[in-house]
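These notes are about the structure you will find just below.
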Amino acid sequence: MSIPIVALVGRPNVGKSALYNRIIGDKNAAIVSEVAGTTRDRHFGRATWNGRDFWLVDTGGLPEETNDPMDVEIKRQVTEAIAEADLLLFVVDARMGLVPSDVKVADLMRESGKPWLLVANKCDDFGTIAHYEFYTLGAGDPYAVSAQNSNGIGDMLDAVADQMPAGMEEEPDALRVAVIGRPNVGKSSIVNRLLGEERLVVTAVPGTTRDAIDSPMVFHGRRLIFVDTAGLRRPTRVDDGIEFYSTLRTRRAIERAEICVLVLDATLGLENQDLKIASLAFEEAGRGLIVVVNKWDAKEEKGDKSAAHFQRDAGEKVPYLKFVPFVFTSALTGQRVTKILDLILQVEAEREKRITTSEINQTLEELVARRQPPQAAGREIKLKYATQVEISPPAIGVWGNHPELVQEHYVRYLHNGFRAAYGFTGNPLRILMKRKGD
């Protein structure tokens, strides 16, 4: 299920950033200042309340009508935030009271057609601040809160959880595959080749795809849904409102997917931003991963290094890429593109694979016999048994008498040993050290 977006909107200096920090739980997440207009860029973070996950977006203060380029840009970005959000929190300043700018923001709320809640911030002392004048906005009961001391935050978030849409239900029997990567590496062209038709717009202009677009197909009886996403740039280059929300939509697409196909440009090689995107999908989100090195025909024309050399270099840069399948393709000619479909089904099978406890225990015994865990001073470390505790992605629990004393390098040794025995190709494998009796 996709995660809803909740946006904080209001005029400058009403405390949106302070409220954002309070909800996210990080006082330094967004810059807070008494100077109006401090927030110009958008921030987004993951929040949870009453078992409901949502993305919270902080926006710049909606300025008065001026021709100042910065104000025009901030207003454009706020408008983009309103269009993108599933629920809006209209923040006002209870100390200052209702001002004409608030009325203009309220008009925007109504014009958007989106559900919204009125939040009267800076109610640090309920006995001295009257927020009732905000009833004239016609938004019902304002939620009196204080981002500074957390007054009323819980009640407001209860209402947020109740008002949030349920999210987009996914087809339970379909395998979702997110096609991710930097801009202009050929993601849409790859998807079009796989679908056998020009279903997605393709141009030479980076950033043509700005939304996450779902495209279903059936391969060997398995229903697949490909999600072509906007390219993820380096954060320092995410300076455009549309670009910002493309980044957020891409993150949501990764969360909705079970497998991610990371597309690289062979002519540029494996860059740091590619590695960050791979880490986001594989390590942070725990998704299956396939690396597609596109435009390989252009690489071969130059007589550059072989595919095996390219893959070996990638594994030396990032060790977990040794366990991820690579395919070297050309969306232009169709070279090896269909192999991606075979790899998707292979990675899915590895993701769902369950190994018997007896097999895993046998492997653990062999690994320990080959190399004992380093002993702590005065304490003997013994690993008793192991079993697979999860699938999608797989996880193996290892029980011992002192799991907290097992050093990280030995956990990596166990990880590599289980990998060698069972593969789990294309998927992250977690090793969970547990105390006997837990």
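The values are calculated or read from the model by the stated rules, or taken from the named source; none is laboratory data. Bear in mind the structure is a predicted one, so any value in this text is a computation, not a measurement. No Cβ is skipped: glycine too gets one built from the backbone with ideal geometry, and neighbour counts run over all protein chains shown.
Across the stretch 352-385, which residue is farthest from W399 (Cα to Cα) among those that are outside any loop (DSSP other than H, G, I, E, B) and among the acidic types (D, E)?
Filtering first and then ranking leaves E352.
Condition check: surrounded by 15 or more Cβ atoms within 10 Å (Cβ to Cβ), in the same structural domain as D274 (by TED's automatic domain parsing) and either outside any loop (DSSP other than H, G, I, E, B) or under 30 Å from the mean Cα position of the chain (by Cα) (or both). Does V398 satisfy that?
no
What are the pairs with Cβ atoms under 7 angstrom where one residue, in the stretch 267-295, is farther than 18 Å from R176 by Cα and touching a residue at least 60 places away in the same chain (Cβ under 8 Å) and the other, located anywhere, is assigned to a helix (DSSP H, G or I) and among the aliphatic types (A, V, I, L, M)? Sequence gap at least six, or different chains.
Between residues of the stretch 267-295 that are farther than 18 Å from R176 by Cα and touching a residue at least 60 places away in the same chain (Cβ under 8 Å) and residues that are assigned to a helix (DSSP H, G or I) and among the aliphatic types (A, V, I, L, M), the close pairs are N294/I190.
Name the helices (runs of 4 or more DSSP H) wholly inside the stretch 235-346 in which the number of residues that are modelled with pLDDT of 90 or more is 1 or more.
Filter on the stretch 235-346 gives 272-279, 296-301, 307-317.
Report, by residue number, each residue of the stretch 318-332 that is touching a residue at least 40 places away in the same chain (Cβ under 8 Å) and either crowded, with 19+ Cβ neighbours inside 10 Å or not assigned by TED's automatic domain parsing to the domain that holds L194 (or both). I'd like the intermediate steps shown before the answer.
Step one: filter the stretch 318-332 for residues touching a residue at least 40 places away in the same chain (Cβ under 8 Å), giving 318, 320-321, 323-325, 328-329, 331-332.
Residues satisfying the conditions are L321, F323, V324, P325, F328, T329, A331.
Pull up the stretch 345-395, narrow it to residues that are more than 37 Å from the chain's Cα centre (by Cα) and among the small types (G, A, S), then point me to the one that is farthest from V261 (Cα to Cα).
Residue satisfying both the conditions and the ranking: G378.
Restricting attention to the stretch 412-438, which residues are surrounded by 17 or more Cβ atoms within 10 Å (Cβ to Cβ) and among the aliphatic types (A, V, I, L, M)?
Correct list: L414, L429, I431, M433.
How many residues does the stretch 213-222 contain that are closer than 23 Å to T329 by Cβ and either at pLDDT 80 or above or crowded, with 23+ Cβ neighbours inside 10 Å (or both)? Reasoning before the result, please.
So in the stretch 213-222, the residues closer than 23 Å to T329 by Cβ come out as 213-220, 222.
Those still in the list that are either at pLDDT 80 or above or crowded, with 23+ Cβ neighbours inside 10 Å (or both) too: 217-220, 222.
Residues in the stretch 213-222 being closer than 23 Å to T329 by Cβ and either at pLDDT 80 or above or crowded, with 23+ Cβ neighbours inside 10 Å (or both): 5 in total.
Which of the residues belonging to the stretch 399-430 are within 13 Å of L383 (Cα to Cα), of a type in the set (A, V, I, L, M, F, W, C) and free of Cβ contacts under 8 Å to residues at least 40 places away in the same chain? Spell out how you get there, then give the answer.
Restricting attention to the stretch 399-430, the residues satisfying the condition of being within 13 Å of L383 (Cα to Cα) are 399-407, 410-411, 414.
Next, from what is left, pick out any that are of a type in the set (A, V, I, L, M, F, W, C): 399, 405-406, 411, 414.
Result: W399, L405, V406, V411.
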